1. Where residues in the range 9-29 are in contact with a helix residue (DSSP H, G or I) (Cβ under 6 Å, 6 or more places away or on another chain) and within 20 Å of residue 92 (Cβ to Cβ), which of them is surrounded by the fewest Cβ atoms within 10 Å (Cβ to Cβ)?
2. Hey, can you tell me all the residues within the range 30-54 that are part of a loop (DSSP other than H, G, I, E, B) and loosely packed, with under 10 Cβ neighbours inside 10 Å?
3. So residue 106 ticks every box in (1) in a strand (DSSP E or B); (2) at pLDDT below 80 but one. Which box is left unticked?
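The values are calculated or read from the model by the stated rules, or taken from the named source; none is laboratory data. Keep in mind that this is a model prediction, so the values were computed, not measured. Cβ placement follows ideal geometry from the backbone for every residue including glycine, while neighbour counts extend to all protein chains displayed.
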């Protein structure tokens, strides 16, 4: 059975980025001719906010961890994934907050969708 998981990419990223208080930043690099100086910033970069000894907060960059995902997936669009699973109860718990649709029939690509 194939299922479409709406927002599946976000769920996978959240699983890969452990910790609480994780937030996203889009940044500028400071180079003169870079597109980020004109509004198209680099990112997303994920940060965890930590309290320092002085009581102030500091952002710590989080590199995506290599997580052993026990399923194969195909990316559809920017945020959605298609999974091939045996039955709906086999769906990974990381997708519990996502909307899931069963895909019936062949998937078609291209402009004629």
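1. So, considering only residues that are in contact with a helix residue (DSSP H, G or I) (Cβ under 6 Å, 6 or more places away or on another chain) and within 20 Å of residue 92 (Cβ to Cβ), the one surrounded by the fewest Cβ atoms within 10 Å (Cβ to Cβ) is 15.
2. Hits for the range 30-54 are 30, 31, 32, 33, 39, 52, 53, 54.
3. Failing condition for residue 106: (1).
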